[in-house]
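Worksheet for the structure shown next.
Here, each number is a calculation from the coordinates, and none is a lab measurement. Predicted, not measured: the structure shown is a model, and the values here were computed from it. Using ideal geometry, Cβ is built from the backbone for each residue, glycine included, and neighbour counts are taken over all protein chains shown.
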Amino acid sequence: SHPFFDGMWSPEGRPTFRIKAISDLPHIQECSFYTHLGTHMDAPFHMYKDGRTIDQFPPSKFVGGGVILNIPKTRLEAVTSEDLKNAKPDVRERDIVLISTGWEEKFGTEEYSESPYLTEDAARWLVDKNASIVGVDLPSVDLPRTLRKTGFTRQVHLTLLKYNILVIENLTNLKGVAGRR
């Protein structure tokens, strides 16, 4: 997880993390932040009004085998189903799949918003593999804002969350363990 600190990076136009003392005791503070700030997890409720929330999943959903795939990408470059198929180690059914593109190093910079992204075919491939959780070192699994056109639907989110595949965004510290089960 990226550390939270006063004034940390936030997507364009979104509130940032704010912390202020509300007492002369240093441990009594008030925090306010946008709920998709920093490293966070999306549940189906993020996209579907009748979707499950994080607390409606059993603890077993958050524990299990997994892979950290090393799929280096550059600015605005897609992570495709072919990338996922060719990555090692192989993704197994019900794996937690974390994808290291190397983009975590740009967190907090203006360039971070022009990140790689997952394609719709990558999302369908992960559904076919029955992934449990998909995590990325990107601000979103979907297209970055600069590539979104009128009618953009967040199809990657919709596809994964429809099948109760939880999404983690803004992961960090994957590079050192990428390519491992």
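Shape class of region 109-181 from the alpha-carbon gyration tensor: oblate, with a/c at 1.5 or above and b/c at least as large as a/b. Do any GluC sites (Glu not before Pro) in region 75-181 lie in a DSSP loop with no more than 11 other beta carbon atoms within 10 Å, and if so, which? Listed in order of number, the matching sites are 93.
The stretch between residue 57 and residue 149, if pulled fully straight at 0.36 nm per residue, gains 29.8 nm over its current Cα-Cα span. In order along region 131-137, phi translates into HN-Hα couplings of 4, 8, 9, 10, x, 9, 8 Hz, rounded to whole numbers, per the Karplus curve 6.51 cos²θ - 1.76 cosθ + 1.60 with θ = phi - 60° and x for Gly and Pro. Short-range pairs are left out: with C-alpha atoms under 8 Å and at least six residues apart, the relative contact order of the chain is 26 percent.
Highest mean packing first, where packing is the average number of other Cβ atoms within 10 Å per residue, the peptides 17-24, 129-136 line up as 129-136, 17-24. The magnitude of the dipole of region 61-181, with charges of +1 and -1 set on the Cβ of Lys/Arg and Asp/Glu and taken from the Cα centre, is near 300 debye. With Cα atoms defining each centre, region 78-126 and region 1-72 are spaced 19 Å apart in the structure. Annotation: peptides 162-168, 35-41, ranked by per-residue average of other Cβ atoms within 10 Å with the highest first, follow the order 162-168, 35-41. Of the trypsin sites (Lys or Arg not before Pro) found in region 29-113, those that fall in a DSSP loop while having at most 16 other beta-carbon atoms within 10 Å are 49, 52, 75, 92, 94.
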